[in-house]
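The values are calculated or read from the model by the stated rules, or taken from the named source; none is laboratory data. This one's a predicted model, so the numbers in the text were calculated from it and none came from an experiment. Because the Cβ atoms are built from the backbone with ideal geometry, glycine has one as well, and the counts that use them run over all protein chains shown. Ligands, DNA and RNA are excluded from the accessible area calculation, which covers all protein heavy atoms including side chains. Shrake-Rupley method; radii C 1.70, N 1.55, O 1.52, S 1.80 Å.
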Amino acid sequence: MAGTIEDKATADYVAQKFRDAGLETEIVEYKVWMNYPAEISVDLMAPAGVEMHGPGREHVQNDPYQDDPRVVIPFNGMSPSGDAEADVVYANYGTPEDFEKLEKLKVDVRGKIVLVRYGQNFRGVKVFVAEEHGAAGVIIYSDPADDGWRRGDKYPEGPWRPDTGVQRGSVGYMFEFPGDPTTPGVASVPSLPASQRISPQQSAQMPKILVTPLSYRDVWPVLQHLGGPDSPREWQGALPFTYHVGPGPSKLKMHLRQDYQLRTLWDVIGRVRGATLPDEWVVAGNHRDAWVYGAVDPNSGTSAMLEAVHGVGDLLRSGWRPKRTLIFASWDGEEEGLIGSTEWVEQHESELANAAAYFNMDVAVSGSKFGASAVPSLKQFLRDVTKVVPSPKGGTVYEAWQKASQADALAGQFPAEAFGESHHVPAVQVNSDVPVGDLGSGSDYTAFLQHLGVPSSDVSSSGPYGVYHSVFDNFAWFKKFGDPDFVYVQEMSRVFGLEAVRMADAEVLPYDYEEYGKEIAAYLDAAHRRAEDRFGARALDFGAVNAAAHHFESAGVKILAKQKNPPQDTERLNQALRGAERALLVPQGLPHRPWFRHAIYAPGEYTGYAAVVIPGVNEALDKGDSVRARQQLATLAGALERAAKALEGYR
Ligand SMILES: [Zn+2]
């Protein structure tokens with residue numbers, strides 16, 4: 001866990017591997033505001049005579065790792081301390097629609113403890129919406145319908161969540177801004193004066209109400225004894241009784257004592273200086289901190305990254321030098337709020353203005369199904385990389401990926417998601433090639449893309465994974481279910497290493513702005529239809545923004561022709577290509593969220609991990625605010641014109 005002595009030991013280990021490969025290596029420290037749990041209890045006060053276990057120990061028959069005394073008790077990062085005692089209301093997944101439904105059922109959640117299940121949205125969104133509705137506290141539990149026995153056999157017989165398994169996780173409002181909650185936009189270097197920090201009480205990232213997670217074994221008697229109306233039928237989970245919404249008579253007492261301090265984090269940064277373009281950085285990273293053991297999240301990614309670094313070491317010994325500077329990063333404090341990556345990005349904002357790409361991994365291997373997300377300019381690059389990596393299934397990764405996505409399309413599904421940190425958000429399809437998802441938030445690419453406009457991607461190989469953020473995400477689970485022969489870790493290592501090496505060595509930057517332009521046009525079509533539904537035809541004028549999108553796309557088509565037939569001196573061409581993504585940043589940021597500056601992608605305030613596309617416009621439409629929508633259309637048109645001009649800067 002971030003900030004512990006075990007975390008420091010893994011930082012030293014990773015640093016040694018980086019040095020062994022010949023990377024210039026440093027361990028970078030930050031001081032950041034974070035909680036560990038001191039005392040966590042949840043007791044069922046009513047009805048009398050009913051017992052629950054409270055936040056009990058996670059336990060199954062025969063797991064070799066569960067009894068280590070260092071295993072942190074289940075808790076939610078960034079919850080405040082405090083006590084609350086109140087009747088319980090069940091609110092399904094805690095989406096805005098779920099709370100609207102409770103209002104229709106005349107169930108008031110003010111002052112209540114809201115019980116919600118994990119799934120469908122980022123856990124911080126559940127808390128954000130509950131806080132908006134006046135709840136006193138939130139209990140988040142894992143229903144067996146979502147990642148337990150309804151899905152398949154539970155651990156240790158199968159890969160799904162056992163009765164006592166608890167999903168830890170941060171409930172910080174990272175969709176406001178990620179990183180240290182007390183230093184938005186500023187790096188939390190150890191020398192930062194206290195006067196430069198905001199107080200945690202003032203931080204828009206910190207929830208104001210109590211939150212803690214439970215297993216379904218613990219929630220069972222609470223939910224079973226709820227009265228009030230039957231819940232809507234789609235709210236029914238897989239526990240064997242009818243779910244009612246309450247309020248009461250189940251009454252809970254929450255007692256949370258969090259140990260908040262400024263704690264030390266350790267990012268490990270290893271670099272190979274570029275031979276000809278040392279000021280253009282290619283960054284590839286994966287977080288290192290885990291909630292407990294984190295065999296999948298993040299260590300499947302860390303082991304794949306270390307093997308890629310090993311490969312780069314062999315290349316260096318053979319005399320190879322990359323054109324651009326290649327940087328590998330082992331981030332800390334991702335789980336608490338993308339902290340290590342965000343602080344580093346904030347510290348290196350000026351150098352990263354020239355970065356060529358950021359490549360991320362996180363939950364890299366939980367099974368055998370390849371998936372990827374990226375900004376549209378990198379989607380074709382990713383497909384091309386997978387065309388030269390062998391798949392353990394035979395053929396190439398690209399072929400296996402294509403086959404699986406065709407099967408998904410036939411079954412009418414989006415690319416299957418691993419439960420948990422669902423990074424791969426189904427995107428609009430503008431061609432018939434394999435679908436690459438859009439980047440929302442939920443991992444370390446966030447600051448690179450959404451704060452600085454560095455083209456980014458995320459790759460993974462996923463499968464049935466019900467132990468996310470529990471003690472059971474450990475080596476025994478991984479060896480039995482995740483990747484028994486470690487062949488998918490090899491696959492991810494090759495994909496990740498090739499992404500980095502190809503980008504660092506590219507003569508002409510392999511960005512595709514034609515695909516980008518087509519996707520933006522599709523986002524605008526969808527927004528236009530929504531605007532007509534909401535405000536009537538012609539209430540909002542999309543003329544200027546559509547013209548700007550068209551301008552951007554045709555500039556993309558023209559520069560793609562140049563990329564295929566490049567001049568001797570590629571510097572100006574590359575400069576134009578790099579400038580375009582940055583031009584899509586809006587300097588003043590999104591309304592109410594100045595840290596998020598990308599005009600095309602942001603995490604949704606009500607979806608969390610999932611991307612909201614053209615967020616300024618779409619969130620204004622969500623709010624029914626036509627004045628703001630008009631203003632945001634103009635802002636977006638401006639960004640698209642700037643990006644088109646950036647591409648045309650090369651003539
Ligand atoms: Zn992770």
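A Förster radius of 56 Å, combined with the Cβ-Cβ distance separating ILE5 from LYS403, puts the computed FRET efficiency at roughly 0.75.
Accessible area per residue for region 199-263 is 38 Å², calculated with a 1.4 Å probe on protein heavy atoms, without ligands, DNA or RNA.
For region 514-617, the orientation-averaged shadow of the C-alpha convex hull comes to 8.0 nm² (one quarter of the hull surface).
Derived value for the chain: Kirkwood hydrodynamic radius 25.2 Å. Basis is the mean of 1/r over every pair of different alpha-carbon atoms. With 0.36 nm allotted per residue and the present C-alpha distance subtracted, the ASP108-GLN236 stretch has 44.1 nm of extension available. Applying the criteria of a DSSP loop state and at most 16 other Cβ atoms within 10 Å to the chymotrypsin sites (Phe, Trp or Tyr not before Pro) of region 1-76 yields TYR65. With semi-axes defined as the square roots of five times the eigenvalues of the C-alpha gyration tensor, the equivalent ellipsoid of region 84-130 measures 16, 13, 8 Å, largest first. Volume per residue of the convex hull around the Cα atoms, evaluated for region 1-145, comes out as 195 Å³.
Note on region 332-407: the C-alpha convex hull projects to 6.8 nm² when averaged across all orientations. If the limit is 22 Å between Cα atoms, which of LYS518/LYS564; LYS104/LYS126; LYS387/LYS645 go over it? Over 22 Å Cα-Cα: LYS387/LYS645. Residue-normalised convex hull volume from the C-alpha trace of region 501-557: 82 Å³ per residue. Loop-located trypsin sites (Lys or Arg not before Pro) in region 516-600 (DSSP state other than H, G, I, E, B) with a sparse environment of at most 11 neighbouring Cβ atoms within 10 Å: ARG538.
Within region 200-256, the chymotrypsin sites (Phe, Trp or Tyr not before Pro) that combine a DSSP coil assignment with at most 12 other C-beta atoms in a 10 angstrom radius are PHE241.
The stretch between ALA48 and ALA561, if pulled fully straight at 0.36 nm per residue, gains 177.2 nm over its current Cα-Cα span. To the nearest 0.05, how large is the calculated FRET efficiency for THR396 and ALA521 if R₀ is 41 Å and r is the Cβ-Cβ distance? E between THR396 and ALA521, to the nearest 0.05, is 0.85. For the pair region 478-549 / region 583-613, the C-alpha centres are spaced 15 Å from each other. Computed on the Cα atoms alone, the convex hull of region 122-245 gives a volume of 142 cubic angstrom per residue. Extension gain for GLN575-ARG651 works out to 26.2 nm (0.36 nm per residue, less the C-alpha to C-alpha distance).
Between ALA602 and VAL612, the built amide H atoms are under 5 Å apart, and every one of these is 5 or more places off in sequence or on another chain.
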